[in-house]
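K.L.:
This is the structure I want to talk about, given as structure tokens.
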Amino acid sequence: DEGEDGQGEKKERKYQLDEESVGTMTQTDNQTEMGDDFSEMEEDLTAEQMNARKKDLKKASRAEHEDDINFPDEVDTPTDIHARERFARYRGLKSFRTSPWDPKENLPLDYSRTTAFENLKRTFKRVSSEFEDSPIKPGMYIEIIVEAVPKSIKDVVNSFCEKNQLVVVGLFSYEHRLGVVHFRLTRHPDYEDPIRSKQLLIVHCGFRTFFSKLTFSEDNPNCEKHKMERFFHPHRTVVGSAYGPVIFPPAPVLVFVPAQETLSTTLQLLSVKGADTEELFSSQAVNNQRFEKIFCRKTTLSPTLSATGTCLGIDPDRIALKKIILSGFTIRAKKRHAVVRYMFFNPEDVRWFKPVDLWTKRGRKGHIRESVGTHGSFKAIFDGTLSSNDVICMSLYKRAFPKYMPLTYTAIQY
């Protein structure tokens with residue numbers, strides 16, 4: 001009938017994966033990775049080609065943004081790889097709010113660099129009291145002498161100070177260390193382009209300005225777990241998490257989207273071997289001419305203000321979970337029982353995900369009973385009568401960590 005024909009068209013449109021769609025999926029998963037030859041690729045393009053490429057990227061980003069609004073968290077099960085391998089890091093949860101999740105489980109190696117505080121407010125109160133008896137008071141003029149400065153860094157600083165002003169800021173204890181910083185952000189009403197999670201942004205917090213790739217998540221004050229947001233949608237308040245210098249709240253935050261010229265310069269910075277500050281300014285890694293060419297040139301375009309907010313503090317134990325939804329369709333339904341297909345494509349995947357609960361878009365809950373045939377179909381049972389055109393879904397979660405970036409304070413003028 002008409003309903004089955006429409007459903008068949010949707011199945012064919014959703015699950016017919018060609019080489020182009022698979023390539024797009026791979027590019028989306030790896031778009032945050034930057035190659036060492038980025039600058040060479042950009043130099044080979046003409047101005048017209050770069051503008052056309054920029055328009056294509058914006059068009060694709062807007063399409064993904066609209067798809068995330070219409071079908072949030074839904075992904076297609078790949079046909080060229082087993083689902084148990086593609087989603088090996090994901091797991092199911094009985095309840096998003098009450099199910100346990102160990103915050104110390106499977107931490108990335110970058111977490112070994114970070115600093116954690118048992119009580120951030122008490123620590124700030126203690127370190128701020130240390131400056132009450134300081135001999136240096138606001139409004140005083142002082143002379144600062146830095147000893148044992150390496151010649152490579154001295155030449156770079158002298159060259160920089162000839163064209164720019166050098167600002168020196170005093171730090172509280174621990175503010176020179178690295179931590180997992182969280183910001184509560186609100187989209188600026190004048191910025192309309194999509195903002196993707198882990199997109200390269202410029203964060204201005206307090207007196208610090210640094211590049212970062214913020215991981216966006218929901219702000220749930222009554223829950224210890226927070227769902228990751230793939231896009232920073234308008235008219236929403238999210239929490240952006242990133243590796244950054246320790247910042248004691250309260251501190252205002254401004255988030256900018258860098259101009260294309262600034263973005264290319266930053267990627268050249270990150271392509272330099274030895275991105276740590278000590279190696280970056282060594283004579284083996286970069287000479288003074290390279291530094292002048294990459295860092296000290298003034299960009300012609302200014303970054304665009306995209307979001308504002310405040311700093312929430314340092315908390316490496318905050319859990320942000322990335323959610324995906326696998327969907328399938330019923331080919332036979334009778335009361336509470338149904339046969340589902342197109343969620344998996346081999347019986348091994350069905351047995352692997354059998355412990356995970358199912359749910360439908362009309363509010364029914366159930367679970368997998370057994371596999372049927374050799375193409376990934378399975379029998380399922382639900383807690384109520386099932387409609388023949390209902391969509392069967394399975395929710396899977398994995399923890400999302402911020403993207404680490406070297407904290408190099410460059411001399412780029414924004």
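K.L.:
For Ser377, Ser173, give the ranking by accessible area with the largest first, probe 1.4 Å.
P.N.:
On the way: Ser377 20, Ser173 45 Å².
Heavy-atom accessible area, descending, gives Ser173, Ser377.
K.L.:
Please give the peptides 156-168, 197-209 ranked by average Cβ packing (other Cβ atoms within 10 Å per residue), highest first, as a rough proxy for protection.
P.N.:
On the way: 156-168: 11.5, 197-209: 18.8.
Ranked by mean Cβ neighbours within 10 Å, highest first: 197-209, 156-168.
K.L.:
Okay, next question. Can you tell me the dipole magnitude for region 299-370 around its Cα centre, using point charges on the Cβ only (Lys, Arg +1; Asp, Glu -1), in Debye to the nearest 20?
P.N.:
Value, rounded to 20: 820 debye.
K.L.:
Further, regarding this structure: Sort 100-107, 360-367, 337-344 by the packing proxy (mean of other Cβ within 10 Å over each peptide's residues), most packed first.
P.N.:
Working: 100-107: 10.6, 360-367: 14.8, 337-344: 22.0.
Per-residue Cβ counts within 10 Å, averaged per peptide and sorted highest first, yield 337-344, 360-367, 100-107.
K.L.:
While we're here: How would you rank 398-405, 218-225, highest first, on the average number of other Cβ atoms within 10 Å across their residues?
P.N.:
Details: 398-405: 19.4, 218-225: 12.6.
With the highest mean Cβ count within 10 Å placed first, the list reads 398-405, 218-225.
K.L.:
For region 87-103, in order, what is each residue's ³J(HN,Hα) by Karplus, 6.51 cos²θ - 1.76 cosθ + 1.60 with θ = phi - 60°, in whole Hz (x at glycine and Pro)?
P.N.:
Each residue of region 87-103 in turn: 10, 5, 8, 8, 8, x, 10, 5, 9, 5, 7, 9, 5, x, 8, 6, x Hz.
K.L.:
What list of ³J(HN,Hα) values in whole Hz, one per residue of region 125-137 in order, does the Karplus curve 6.51 cos²θ - 1.76 cosθ + 1.60 (θ = phi - 60°) give from phi, with Gly and Pro shown as x?
P.N.:
Residue by residue, region 125-137 yields 5, 6, 6, 6, 5, 5, 8, 5, 9, 6, x, 8, 10 Hz.
K.L.:
Then there is this: Between Ile142, Val168, Ser152, whose Cα lies farthest towards the positive end of the dipole of region 106-223 when Lys and Arg beta carbons carry +1 and Asp and Glu beta carbons carry -1, centred on the Cα centre?
P.N.:
Ser152
The values are calculated or read from the model by the stated rules, or taken from the named source; none is laboratory data. If you're wondering where the values come from, they're calculated on a predicted model, not measured in any experiment. Here the Cβ is made from the backbone with ideal geometry for all residues, glycine too, and neighbour counts use every protein chain on show. We work out accessible area using only protein heavy atoms, side chains counted, and drop any ligands, DNA or RNA first. Shrake-Rupley method; radii C 1.70, N 1.55, O 1.52, S 1.80 Å.
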